[in-house]
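Reviewing the structure listed below.
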Amino acid sequence: MKNEWPKFLENETLFSNAIRLRYLIWTIQRYVPKGSRLLEVGFGSGTTAVLLADLGYKVTAVDIDDTLVQRLRDRYADQIRTGRLEVRRGDMLDLPWQERRFDLAYHQGVLEHFSDEHIVQALREQARVAELVIFDVPNHRYGDRPFGDERLLSPSYWRGLINQAGLEVVDERGRDFHRWLYVLPVALFSHWALEKWPWFGIWFGVNSIFVCRGHK
């Protein structure tokens, strides 16, 4: 299935990702200030890395797919030249950096494609090279498998995998909702409301965001 990723992601744009992943980006901004060193593990389209670089972070984006690596280098060469974005090929199960090289490792829509064993190993590697780990995955409420092999696990199952990897959850959020929920007042879905009442996103969101820290 790996060779299908470039085709699956070819229509991803900065605009679509800025809207779709705004709450993930807000979460990253809450935990690490501008200028921090970020590592995106399994960058896919690379648009999230570009957005964060534009927001003032120093981002290293890594993916195992050669086509995706070259595509990101070609499309966003200007951002790479600024020094705020670096693009590398690498395996999330064996990251080529020393301990605590980054302030934060993050990713979206990656881990649900892997077995428990590989998820645990990947999270351990990220906690080894970064102070914090933030990841965003569809949960059991999502109801769709656009790529085909997604494992739609419950938030409690994800917490168990995080614990197996030796990490602790320091914050949990949720984003995006089933259409029927939008009969509720629009204010409930605002940035302000989701910050003030995070339980709403946790209980009803179809994507879960976990903020994790490795045990010292």
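The values are calculated or read from the model by the stated rules, or taken from the named source; none is laboratory data. Please read these numbers as outputs of a predicted model, since none were measured by experiment. Backbone-built Cβ (ideal geometry, glycine too); neighbour counts: all protein chains shown. For the accessible areas, the whole protein counts, side chains as well, though only heavy atoms, and no ligand, DNA or RNA atoms are used. Shrake-Rupley method; radii C 1.70, N 1.55, O 1.52, S 1.80 Å.
Remarks
- Note on Glu150/Asp116: beta-carbon distance plugged into 1/(1 + (r/R0)^6) with R0 of 22 Å gives a FRET efficiency of 0.95.
- Pairwise FRET efficiency - Ile202 versus Arg128, Cβ, R0 = 22 Å, nearest 0.05: 0.20
- Within the chain, DSSP assigns beta bridges of which about 45% are antiparallel (rounded to the nearest 5).
- Percent carbon-and-sulfur accessible area, the chain, ignoring ligands, DNA and RNA, probe 1.4 Å: 52 percent
- Tail beyond 14 Å, pair distance distribution of segment 5-56 (Cα, percent): 54 percent
- Judged by the mean number of other Cβ atoms found within 10 Å, the most tightly packed of the peptides 90-102, 4-16 leads the ranking 90-102, 4-16.
- Spin-label pair Lys34-Asp171: with each label point 7 Å from Cα along the Cα-Cβ axis, the two points sit 1.9 nm from one another.
- In the elastic network of the chain, a GNM with C-alpha springs shorter than 10 Å, the most mobile of Tyr31, Tyr23, Tyr106 is Tyr31.
- Over the chain, the hull volume per residue, using the convex hull of the C-alpha atoms, is 119 Å³.
- Taking amide H positions as modeled 1.01 Å from N, with prolines and chain starts lacking one, the residues under 5 Å from Leu153 and 5 or more places away or on another chain are His140.
- Taking other residues whose beta carbon is less than 12 angstrom from the beta carbon of Thr13, and scoring Lys, Arg as +1 and Asp, Glu as -1, yields 0.
- Per residue value of the accessible surface for the chain (all protein chains in place, 1.4 Å probe), Å²: 49 Å²
- Gained length - Arg101 relative to Asp66, 0.36 nm times residue gap less alpha-carbon distance: 10.2 nm
- Choice from Thr60, Thr82, Thr47 showing the highest fluctuation, given a GNM over the chain with Cα pairs closer than 10 Å: Thr82
- Taken one residue at a time, the phi angles of segment 192-206 give Karplus couplings (6.51, -1.76, 1.60, θ = phi - 60°) of 4, 5, 5, 6, 6, 10, x, 4, 4, x, 5, 6, 10, x, 8 Hz. Gly and Pro are set to x.
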